[in-house]
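Working notes for the structure below.
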Amino acid sequence: MGTYDKNIGPRRQVVGAHYGFREWLAQRVTAVIMAVYTVILLVSFLTGSNFGYEGWAGLFAQQWFKIATFVTFLALFYHAWVGMRDIWMDYVKPVAIRLTLQVATIVWLIGCAGWTAQILWRT
């Protein structure tokens, strides 16, 4: 049995220091983005004087805050994608069902991203 035969099928050997590193790093980076946004939101809330609708509308009317919010939501959606993809890969064994769930998850998250943009930039 040659080296090639060991790399296919159930006896496949997964080796390398980078296996899963990209997903691990993506989870950490997106979590940091969400944490930084949470701090910005808390500081804005705690230093603000108008806690009514007008105060929040004024905060979200600023372009930099809309962009920060959208980037944070994109990070949230990617964070959710990595987690859900891992769940589907670990617990759903039939390939057709797993692929269907992954595609449905992608479609849902893209729809959520579009809805987020619509909410933030509607007139």
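Just checking: which of the helices (runs of 4 or more DSSP H) contained wholly in segment 11-116 hold 2 or more residues that are out of contact with any Leu (no Cβ under 8 Å at 6 or more places or on another chain) and surrounded by 15 or more Cβ atoms within 10 Å (Cβ to Cβ)? Qualifying helices (runs of 4 or more DSSP H): 21-47, 63-91. For beta carbons closer than 7 Å, sequence separation of 6+ or different chains, a first residue in segment 22-47 that is without any contact (Cβ under 8 Å) to a residue 40 or more places away in the chain and a second that is assigned to a helix (DSSP H, G or I), the qualifying pairs are 37/68; 37/72; 40/68; 44/59.
The numbers here are math on the coordinates, done by the rules we state, and not lab data. Keep in mind it's a predicted model, so treat the numbers as computed, not measured. FYI the Cβ positions are ideal-geometry reconstructions off the backbone, even for glycines, and counts take in every protein chain you see.
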